[in-house]
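A quick write-up on the structure given underneath.
What follows is calculated from the coordinates using simple rules that are stated; it is not laboratory data. Only a predicted model underlies this, so the values are computations on that prediction, with no experimental measurement involved. Every residue, glycine as well, gets a Cβ built from its backbone with ideal geometry; the counts of neighbours run over all protein chains shown.
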Amino acid sequence: MTNLTIDNQTNLTKCTWVEKNIGYLIFERLTQTEHSITWFARKLHCSRTNVYNIFKKTNLDVELLKRISVILNYNFFEGISAETRSIILENQREWLVCDSSNTKETEEPSA
């Protein structure tokens, strides 16, 4: 397997999927494919420096992420979608709790 390393400025650590930034997820996937950073840079039509900068990103343009997904044969959008779905469900639960407590506060006592 290709040994990929990143300088300390990127702060790449092991953590849960939700806590990982997109750049780290791309780095992990590239490591799994056993391709080099040079190979990846060629496929993206950019420099190795730009690839290292991608690894540091917390967000990416959708079109760039789509290109990277195709190059690395991995759908990064599935993980993003699952994370978004989880956040939406949590927000809906909070709204329901908030709505039910507001309803109780606004109800007039029966005579």
Report task. Work out from phi, with θ = phi - 60° and the Karplus expression 6.51 cos²θ - 1.76 cosθ + 1.60, the ³J(HN,Hα) of each residue of region 68-74, listed in order in whole Hz, and give x for Gly and Pro. Result -> 5, 4, 5, 4, 8, 6, 8
Report summary line: A chain fully extended from LYS57 to SER81 at 0.36 nm per residue, minus the present Cα-Cα distance, gains in nm 6.8 nm
Query - Per-peptide average of other Cβ atoms within 10 Å, ordering 20-33, 39-52 highest first - result: 20-33, 39-52
